1. What is the distance in Å between the Cα centres of the range 127-202 and the range 1-28?
2. Over the range 114-233, what relative contact order in percent results from Cα pairs under 8 Å that are six or more residues apart?
3. Please compute the volume of the convex hull spanned by the alpha-carbon atoms of the range 30-118 and report it per residue in Å³.
4. For the range 16-66, give the magnitude of the charge dipole about the Cα centre (Cβ charges: +1 Lys/Arg, -1 Asp/Glu; no others), in debye to the nearest 20.
5. Based on DSSP loop calls and a cut-off of at most 14 other Cβ atoms within 10 Å, the longest stretch of the chain free of exposed trypsin sites (Lys or Arg not before Pro) is what?
6. Once amide H atoms are placed 1.01 Å from N in the peptide plane, what residues at a sequence separation of 5 or more from L85, or on another chain, have their amide H within under 5 Å of its amide H?
7. Taking the Cα centre of the chain as the origin, how large is its charge dipole in debye, to the nearest 20, when only Lys and Arg (+1) and Asp and Glu (-1) carry charge on their Cβ atoms?
8. Take every Cα pair under 8 Å in the chain that's 6+ residues apart, average their separations, divide by the length, and report that relative contact order as a whole percent.
Amino acid sequence: MDIELNPALATESLLACGVGGRVASVERLDGGVSNLTWQVRRDGDAPVVLRLQREQGIFQPYDVLREARVIESLAASPIPVPNVLGTADVDSPLKSPYAILEWLDYPHMGMVPMTSQVVDSYRAMVESIHALEWQSYGLDFLDPPSAGHEAALRDLDAVRARAIAFNCQDDHLIAEIGAILNQHLPDSPEPRLCHGDINVFNYLVGEDGMIAGVVDWEQAQLGDPLSDWGLITALGSLKGMDAPPETHPLTAPAFERSGRDAHDLRYWMLHQMYKLAVIHRIWSEIGDVPPWYSWADVERVSESALMYLGE
């Protein structure tokens, strides 16, 4: 999807969903493999975010209106999310659904010193998401899975569908991990709200060192909270922080409080490496820029994750 969003088209797009203001400039904020995102600056008004649905990519099928509905549902919750200012469907000026969101003017965690206060606030925020009584906020539309294997199986099916769409399902490593995951399914508890993408770039930090905003909810789901912690351990390992996931400094305290078996967290680390392996193949094929991690990184971390799960 090649959209050249200029100020005139952005002004028309804002007006189409009830958001006023004359656009002065637009700036693309993402790398082109997730929903397309711009900061839109307006004359005399606060900037906003325009998030446009992609047709093809690492998290397909995309549904930006679903993401907006999740954020709207969380507006009354303790989780700090941007306000949804408007949405438009496929008949919009951009010929694809999009959402207009409040701009939260805070740096993400990757831009600030990783003090103990920031880390503790991040960990507490993720645990607050998992602890949220999602039924009270109208999130039933996310279709909660049953306790047991269903949460893992659903996510495996979604990743396999993407692998098939990009013809990488028979890659030796991807096929091997997929088969092993089927043999080690976790016994997940009753579903909890999961952010789905708890990397530090989606957690914004206020001047007091506390998390002031949580963004990027396109992968939000009701499922196993260890899936979120498994992702952060997989990402940390790709960046060189090699250790069993239950000892990862961001994860260990929350995992200990969960009372879960280490097998389940190790499963979710490998599960997320399966997803990240497929993402690497898709990103390499269609991304505007190369993936930030190499295929050698995928092989290295996957080997460790397979070893952990087999212990």
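The values are calculated or read from the model by the stated rules, or taken from the named source; none is laboratory data. Every value quoted in this text rests on a predicted model; they were computed, and no experiment measured them. Note that each Cβ is placed from the backbone with ideal geometry, even for glycine, and that neighbours are counted across all protein chains shown. Protein only, heavy atoms only, side chains kept; ligands, DNA and RNA dropped before computing areas. Shrake-Rupley method; radii C 1.70, N 1.55, O 1.52, S 1.80 Å.
1. The range 127-202 and the range 1-28 have Cα centres spaced 34 Å from each other.
2. 35 percent
3. Details: hull volume 12.5 nm³, N = 89.
For the range 30-118, the hull spanned by Cα atoms encloses 141 Å³ per residue.
4. Values: 7 positive and 6 negative charges, 10 e Å.
Roughly 40 debye for the range 16-66.
5. Working: sites that count: R22, K95, K239.
Of all site-free stretches, the longest is 96-238.
6. I100, L101, E102
7. Working: 21 positive and 46 negative charges, 63 e Å.
So the dipole magnitude of the chain works out to roughly 300 debye.
8. Values: 528 pairs, mean separation 52.0, N = 311.
In percent, rounded to a whole number, it is 17.
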